[in-house]
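Please read the structure below before turning to the comments.
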Amino acid sequence: MPNKLSGCDLHVHLAGSFYAEDLLAIGAPIFREVDWTARDFLDGYNAALNTKLNPVQLFAEALENPGAGFPKLKAAYVFGSEDSGDFEKFMWKYRFFSHVWGYGWEQGRETAVAMITQAVDHHKRQGLDYVEYRAGFWGEDEALRQKMQICAEALAAECDEMFTARYIIPLPREEPLSMYRATRQLLQEQPQLARIIVGVDLASREEGFPPKLYRELFQQMNRDNAAFPDQQLTAVYHVGETFFDKSLESAVRWCHEAALLGAKRLGHCIALGLDPAVAVSRRAKAHEAELVSERLDQIAYDLRFAAELRQFGVTVDEKKLLDEQQALLNRADDWVERPYNPLRFKEIRLRQTFVLAQLAEMGTPIECCPTSNLRIGGVPDAEHHPIHRLLASSAPLCLCTDDPGTFDITLASEVEWVVQHTDYTAESLAQRLGDPRRFQLC
């Protein structure tokens, strides 16, 4: 595979970069000391996976009898094709390593740096030369900034002529401003970290958190970037990844709205590439119901972009929309149901085309993570993967891994997967995508 594609990963979660072998190696000396019940991990994992996880027993078996025990440990950790379509399952498997990761951080700087180095070493051995890592932390203000500083300094120490690491800090969607302010304060205290800490990310569960909630955050970021030109932060944004809480029209709209806020890159955007007929088939009555407030936002969007939508063949009846808007105004906390039909599917496909064209015009790239999208998105098979629609569009696109350890993949295997399951050759794919390094932050 051309190094142009398999050497640069712009969407990698640091805690998701550890493979099952790392879980065993890091957990071996501490697995009996880790509090596996903390943050309701065991109860949540067992409920989501319908199992009875015993981490201490799994580690003990993997160490005593690797041939039989390690595959069991790996199966409990890796989010495989058999788990597909359930974001909750993914998050609980992800948290399996997070418990070891968190305990390691509690042991101090040396252990934390050793874990980070172990993850980066994987990417170096796999031939990557540029990676943007995402890693969020926890704690009170000073402790939080200390962890972010350790992470940034550890990543900086890994940089040399052959490898460049950068750090993007995820913000909790529930309350992003406090983490954002902590990031800004860290840069004020440690200005040398500005070359490593290059951005922030709206990540994790998106359902229930529409882009409109983050206008204040983006406005504040723009003001701060103007005030501190040597400490620029850029936003990236997970969107259109899991969207069962809304209609498909709204899911498509969220992708556009995230870009309009000023996000530099959009993560996943499954909603723009997954055929609507396939999307609604993933669950019973999928996407038929959404909050009235969401429907009102959709009406406002359609009225705003009425002329542009019509140019792409979307039917926009302003009078009908205004009448519906008036009827819904006093029901903002209620739900509205709208079943699907072939005509509505056709209109949604046109909406997808419209937003993809808008992203192309704005120059906003989509970070496509093939295996992650296939499994988390609950896509039934490779034939229906959103990558086909994304590649056929003119929207900027890059291939990424998301959580390579949790999915047991590499960037090279992701590029190979796309070549294997599309009409592209390695050469034509490289030509279509171009060099992903042009999308790097700052």
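Among the candidates 144, 171, 128, single out the residue that is within 23 Å of residue 100 (Cα to Cα) and over 19 Å from the mean Cα position of the chain (by Cα).
Working: 171 fails: over 19 Å from the mean Cα position of the chain (by Cα); 128 fails: within 23 Å of residue 100 (Cα to Cα).
Within the list 144, 171, 128, the selection yields 144.
What number of residues within the range 420-435 are in a helix (DSSP H, G or I) and surrounded by fewer than 18 Cβ atoms within 10 Å (Cβ to Cβ)? Steps first, please.
Applying the first criterion (in a helix (DSSP H, G or I)) to the range 420-435 yields 420-421, 426-433.
Now narrow it down to the ones that are surrounded by fewer than 18 Cβ atoms within 10 Å (Cβ to Cβ): 420-421, 426-428, 431-432.
So the answer is 7.
Of everything in the range 28-48 that's of a type outside the set (A, V, I, L, M, F, W, C) and touching a Leu at 6+ places or on another chain (Cβ under 9 Å), which residue is surrounded by the most Cβ atoms within 10 Å (Cβ to Cβ)? Lay out the reasoning, then the answer.
Pass one, the range 28-48, residues of a type outside the set (A, V, I, L, M, F, W, C): 29, 32-33, 35, 37, 39-40, 43-46.
When the remaining residues are screened for being touching a Leu at 6+ places or on another chain (Cβ under 9 Å), the result is 45-46.
On the way: 45: 23, 46: 14.
My answer is 45.
Name the single residue that is nearest to residue 11 (Cα to Cα) among those in the range 113-134 being in contact with a strand residue (DSSP E or B) (Cβ under 7 Å, 6 or more places away or on another chain) and among the hydroxyl-bearing types (Ser, Thr, Tyr).
Of everything passing the filter in the range 113-134, 133 is nearest to residue 11 (Cα to Cα).
Please work out which residue is farthest from the chain's Cα centre (by Cα), limiting yourself to the range 226-253 and to residues that are modelled with pLDDT of 95 or more and polar (S, T, N, Q).
231
Please work out which one of (1) under 16 Å from residue 222 (Cα atoms); (2) among the charged types (D, E, K, R); (3) crowded, with 21+ Cβ neighbours inside 10 Å is the condition residue 166 fails and give its number.
With (1) under 16 Å from residue 222 (Cα atoms); (2) among the charged types (D, E, K, R); (3) crowded, with 21+ Cβ neighbours inside 10 Å applied to residue 166, the lone miss is (1).
Just need a number here: residues in the range 60-91 that are of a type in the set (Lys, Arg) and either outside any helix (DSSP H, G or I) or at pLDDT 95 or above (or both).
2
Filtering the range 1-25 down to residues that are modelled with pLDDT under 95 and among the hydrophobic types (A, V, I, L, M, F, W, C), which residue is nearest to the chain's Cα centre (by Cα)?
Step by step, filter the range 1-25, then rank; the result is 5.
Out of 406, 401, 422, which single residue is free of Cβ contacts under 8 Å to residues at least 60 places away in the same chain and not aromatic (Phe, Trp, Tyr)?
Working: 406 fails: free of Cβ contacts under 8 Å to residues at least 60 places away in the same chain; 401 fails: free of Cβ contacts under 8 Å to residues at least 60 places away in the same chain.
Of the residues listed, the single one that is free of Cβ contacts under 8 Å to residues at least 60 places away in the same chain and not aromatic (Phe, Trp, Tyr) is 422.
Within the range 121-144, take every residue that is at pLDDT below 95 and on the phi < 0 side of the Ramachandran plot and give me the one that is surrounded by the most Cβ atoms within 10 Å (Cβ to Cβ).
Here is the first cut: in the range 121-144, the residues at pLDDT below 95 are 136-144.
Adding the requirement that they be on the phi < 0 side of the Ramachandran plot leaves 136-138, 140-144.
Working: 136: 21, 137: 19, 138: 11, 140: 9, 141: 12, 142: 10, 143: 11, 144: 19.
Checking each candidate, the answer is 136.
Identify, please: which residue in the range 206-262 is of a type in the set (S, T, N, Q) and in contact (Cβ under 8 Å) with a residue 24 or more places away in the chain and is, among those, nearest to residue 362 (Cα to Cα)?
234
Can you tell me which of 103, 94 is buried (at least 18 other Cβ atoms within 10 Å of the Cβ), under 23 Å from the mean Cα position of the chain (by Cα), assigned to a helix (DSSP H, G or I) and among the hydroxyl-bearing types (Ser, Thr, Tyr)? Steps first, please.
Working: 103 fails: under 23 Å from the mean Cα position of the chain (by Cα).
Within the list 103, 94, the selection yields 94.
Do we have any residue at all in the range 49-57 that's buried (at least 18 other Cβ atoms within 10 Å of the Cβ), of a type in the set (Lys, Arg) and under 30 Å from residue 244 (Cβ atoms)?
So far as the range 49-57 goes, no, none of its residues is buried (at least 18 other Cβ atoms within 10 Å of the Cβ), of a type in the set (Lys, Arg) and under 30 Å from residue 244 (Cβ atoms).
If you scan the range 359-371, which residues turn out to be hydroxyl-bearing (Ser, Thr, Tyr) and either closer than 18 Å to residue 432 by Cβ or at pLDDT below 95 (or both)? Walk me through it before giving the result.
The initial filter retains those residues of the range 359-371 that are hydroxyl-bearing (Ser, Thr, Tyr), namely 364, 371.
Once the filter is applied, which keeps residues that are hydroxyl-bearing (Ser, Thr, Tyr) and either closer than 18 Å to residue 432 by Cβ or at pLDDT below 95 (or both), the range 359-371 yields only 364.
Run down 215, 223, 184 and say which single residue is more than 22 Å from residue 368 (Cα to Cα), in a helix (DSSP H, G or I), among the basic types (Lys, Arg) and within 21 Å of the chain's Cα centre (by Cα). Talk me through it step by step, then tell me what you get.
Numbers: 223 fails: within 21 Å of the chain's Cα centre (by Cα); 184 fails: within 21 Å of the chain's Cα centre (by Cα).
Within the list 215, 223, 184, the selection yields 215.
Just checking, how many residues over the range 8-39 are closer than 17 Å to residue 69 by Cβ and either of a type in the set (D, E, K, R) or part of a helix (DSSP H, G or I) (or both)?
Looking only at that region, the number is 9.
Would you call residue 16 surrounded by 15 or more Cβ atoms within 10 Å (Cβ to Cβ) and within 30 Å of residue 439 (Cα to Cα)? Full working, then the answer.
On the way: surrounded by 15 or more Cβ atoms within 10 Å (Cβ to Cβ): yes; within 30 Å of residue 439 (Cα to Cα): yes.
So residue 16 fits the description; yes.
So in the range 374-391, with the set limited to residues that are part of a loop (DSSP other than H, G, I, E, B) and surrounded by fewer than 21 Cβ atoms within 10 Å (Cβ to Cβ), which one is modelled with the lowest pLDDT? Talk me through it step by step, then tell me what you get.
So the first thing to find is which residues in the range 374-391 are part of a loop (DSSP other than H, G, I, E, B), and the list is 377-381, 385-386.
Now narrow it down to the ones that are surrounded by fewer than 21 Cβ atoms within 10 Å (Cβ to Cβ): 380-381.
Working: 380: 89, 381: 92.
Checking each candidate, the answer is 380.
The values are calculated or read from the model by the stated rules, or taken from the named source; none is laboratory data. Since the model is a prediction, treat every value here as computed from it, not as a measurement. Glycine also receives a Cβ, built like all others from the backbone with ideal geometry; neighbour counts cover every protein chain displayed.
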